[in-house]
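What follows is one structure encoded as structure tokens, with my remarks underneath.
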Amino acid sequence: MNTFLDVVIIFSLIVLSFSMLGMVYRMISGPTLHDKIVALDTLGIMLMAMIALVAISLNSAYLLVVVLLVGILAFIATIALAKYLEKGVIIENDRDSDD
Amino acid sequence: MTSLIAFFILGGAFFSFVGAVGVIRLPDIYTRLQATTKSATLGVMMTMLGAFFYFWYTEGLIDTQLFLAVLFIFTTAPLGAHMIARSAFHADVEPYKLTILNELKRDETNPEDQIIGDTQRVQVQRKKDEDES
């Protein structure tokens with residue numbers, strides 16, 4: 001494989017790891033619960049990029065299935081947590097009531 | 001082609017790092033959402049486009065799932081950020097103390113202002129002033 005691309009991919013993996021460490025810091029020390037949700041969402045999104053880079057460095061296209069799956073799970077988790085913190089329920093049966 | 005792939009992957013790593021710095025350094029949740037929603041999403045999209053071009057270049061494989069993931073992030077990142085911001089506002093998370101404009105708070109406390117809008121409100125105010133004078 002190309003040596004230049006190898007160096008680029010390893011460098012990007014290191015940079016992405018430090019970004020995810022920053023997210024973990026915000027996820028542990030966030031002042032409110034919403035900060036933690038923001039950090040968790042972004043951690044999931046960065047995990048997608050991480051998996052794509054690992055798939056490149058392993059040179060296998062099978063890992064690319066995981067990318068879309070992790071994205072869908074992170075999105076649903078974000079929406080569910082936000083709705084739970086706002087209203088106390090996730091699936092509203094009576095959408096017109098005010099409580 | 002190799003330089004294009006390297007450009008996309010390095011740019012993606014750079015924008016993800018900028019997003020992480022923003023999440024650590026910015027003062028409150030509403031500004032942190034800016035960092036994650038714009039910068040980190042662009043970074044991840046660039047990285048995955050790089051992976052898409054890489055597999056196209058080396059194996060001749062056009063991976064539609066990866067392209068679908070890019071479109072999915074592009075659609076859902078603003079949606080998630082909007083939901084979190086609205087949830088934080090309704091859960092009384094305080095904005096940073098230097099915030100000067102809170103449009104959602106203004107619209108929810110004065111519903112009639114929301115209906116007529118800014119320019120019309122100015123016109124109504126002018127007409128009222130003329131009538132008084």
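From the cross-link list A:Lys36/B:Lys97; A:Lys83/B:Lys38; A:Lys36/A:Lys83; B:Lys97/B:Lys128; A:Lys87/B:Lys105, which pairs have alpha carbons spaced over 24 Å apart? It would help to have the intermediate numbers written out before the result.
Details: A:Lys36/B:Lys97 21 Å; A:Lys83/B:Lys38 22 Å; A:Lys36/A:Lys83 15 Å; B:Lys97/B:Lys128 34 Å; A:Lys87/B:Lys105 18 Å.
Exceeds cut-off: B:Lys97/B:Lys128.
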Per-peptide average of other Cβ atoms within 10 Å, ordering B:4-15, B:52-63 highest first:
B:4-15, B:52-63
Among rounded, prolate and oblate, which fits the protein assembly as shown when a ≥ b ≥ c are the square roots of the eigenvalues of its C-alpha gyration tensor, a/c under 1.5 means rounded, and a/b larger than b/c means prolate?
prolate
In debye, nearest 20: dipole of chain A around its Cα centre with unit charges on the Cβ of K, R (+) and D, E (-)?
420
Distance in Å, no decimals, from the C-alpha centre of the stretch B:42-86 to the one of the stretch A:26-99 is 15
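Which of B:Ser133, A:Ser19, B:Ser3, B:Ser87 has the fewest other C-beta atoms within 10 Å, and how do the rest follow up to the most?
Numbers: B:Ser133 5, A:Ser19 26, B:Ser3 10, B:Ser87 21.
Fewest-to-most ranking of B:Ser133, A:Ser19, B:Ser3, B:Ser87: B:Ser133, B:Ser3, B:Ser87, A:Ser19.
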What does the average come to when, for each residue of peptide B:52-61, you count the partner chain Cβ atoms lying within 10 Å of its Cβ?
3
Peptide A:27-34: average number of partner chain Cβ atoms within 10 Å per residue?
4
Of A:Ile45, A:Ile79, A:Ile37, the one that fluctuates the most in a GNM where chain A has Cα springs shorter than 10 Å:
A:Ile79
How large is the dipole of chain B about the Cα centre if only Lys and Arg carry +1 and Asp and Glu carry -1, each at its Cβ, rounded to the nearest 20 debye?
440
Could you tell me what fraction of 2.2 N^0.38 Å the Cα radius of gyration of chain B comes to, as a two-decimal ratio?
1.57
Between helix B:2-25 and chain B, what is the angle of the helix's C-alpha long axis to the longest principal axis, kept within 0 to 90° and rounded to the nearest 10?
40
Taking a crude spin-label model, label points 7 Å out from Cα along the C-beta direction, the B:Phe14 to A:Asp94 distance in nm is 5.6
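Arrange the following residues from fewest to most other Cβ atoms within 10 Å of their Cβ: B:Lys127, B:Lys97, A:Lys87. Before the final figure, lay out the partial values.
Values: B:Lys127 10, B:Lys97 7, A:Lys87 13.
Ranking B:Lys127, B:Lys97, A:Lys87 by Cβ neighbours within 10 Å, fewest first, gives B:Lys97, B:Lys127, A:Lys87.
If each DSSP helix of 4+ residues adds -39,500 (n - 2.57) and the sum is divided by the residues in chain B, what number results at 222 nm, nearest 500 deg cm²/dmol? Walk me through the numbers before you get to the answer.
Details: 7 runs with 104 residues, N = 133.
Theoretical 222 nm ellipticity from helices: -25500 deg cm²/dmol.
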Where is the GNM fluctuation largest for chain B (alpha-carbon springs, 10 angstrom cutoff): B:Val23, B:Val93, B:Val44?
B:Val93
Going fewest to most other Cβ atoms within 10 Å around each Cβ, A:Met20, A:Met48 line up as A:Met20, A:Met48
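Bear in mind that the values in this text are calculations on the coordinates, not laboratory data. As the structure is a computational prediction, the values presented were derived from the model and not from experiment. All Cβ positions, glycine included, derive from the backbone under ideal geometry; neighbour counts span all protein chains shown.
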